[in-house]
Amino acid sequence: MSDLSQAAYIWSAKGVGALAGSAISIAYMLPKGRREAAIRFCVGVVTGLVFGAPAGMKIAVSLDLAAMLSPAEISLMGAAAASLFSWWGLGMLARLSTQYRAGSNRSNKQ
């Protein structure tokens, strides 16, 4: 029974972290419209839920905090970080693809 409550506690910590990271991402880099805001929010939440625990462990080990934090705190920290930085990574890929498309269109016209 305690395993179930511990798992539920960790999932809720990941959910809160993912929501917080998504909200901070949207507030930090304002979206162009509602559609972009919704996409960014959903991508952030999913990324935080999926990669929250591994990202939290990596951060905790890198900062030598793993022994001082509970599994829920590690998941919360990782989910928030993964959620926040996921959109930045996708934004960089979108920019690069836009530049690539613009460059290929220029070369086709010449």
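The values are calculated or read from the model by the stated rules, or taken from the named source; none is laboratory data. The structure displayed is predicted, hence computed values, not measured ones. Every residue, glycine as well, gets a Cβ built from its backbone with ideal geometry; the counts of neighbours run over all protein chains shown.
In this structure, does residue 60 turn out to be surrounded by 17 or more Cβ atoms within 10 Å (Cβ to Cβ) and modelled with pLDDT of 95 or more? So that I can check it myself, show each step before the final result.
On the way: surrounded by 17 or more Cβ atoms within 10 Å (Cβ to Cβ): yes; modelled with pLDDT of 95 or more: yes.
Yes.
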Restricting attention to the stretch 63-73, does a residue exist that is in contact (Cβ under 8 Å) with a residue 60 or more places away in the chain and not charged (D, E, K, R)?
yes
For the stretch 44-87, which residues satisfy the criterion of being outside any helix (DSSP H, G or I) and within 16 Å of residue 10 (Cβ to Cβ)?
66, 69, 70
Qualifying positions in the stretch 6-31 - among the aliphatic types (A, V, I, L, M), loosely packed, with under 14 Cβ neighbours inside 10 Å and assigned to a helix (DSSP H, G or I):
7, 8, 27
Identify the single condition in (1) crowded, with 22+ Cβ neighbours inside 10 Å; (2) hydrophobic (A, V, I, L, M, F, W, C); (3) more than 15 Å from residue 23 (Cα to Cα) that residue 51 does not satisfy, given that it satisfies every other one.
(1)
Restricting attention to the stretch 27-62, the residues that are closer than 14 Å to residue 88 by Cβ, touching a residue at least 40 places away in the same chain (Cβ under 8 Å) and among the hydrophobic types (A, V, I, L, M, F, W, C) number exactly 2
Any residue at all in the stretch 3-10 that is of a type in the set (Asp, Glu), modelled with pLDDT under 90 and under 18 Å from residue 92 (Cα atoms)?
no
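Could you list all residues from the stretch 56-70 that are polar (S, T, N, Q) and closer than 17 Å to residue 82 by Cβ? So that I can check it myself, show each step before the final result.
Keep residues of the stretch 56-70 that are polar (S, T, N, Q), which gives 62, 70.
Within the stretch 56-70, just 62 meets the criteria.
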Meets criteria (at pLDDT below 90, surrounded by fewer than 12 Cβ atoms within 10 Å (Cβ to Cβ) and part of a helix (DSSP H, G or I)) for residue 35:
yes
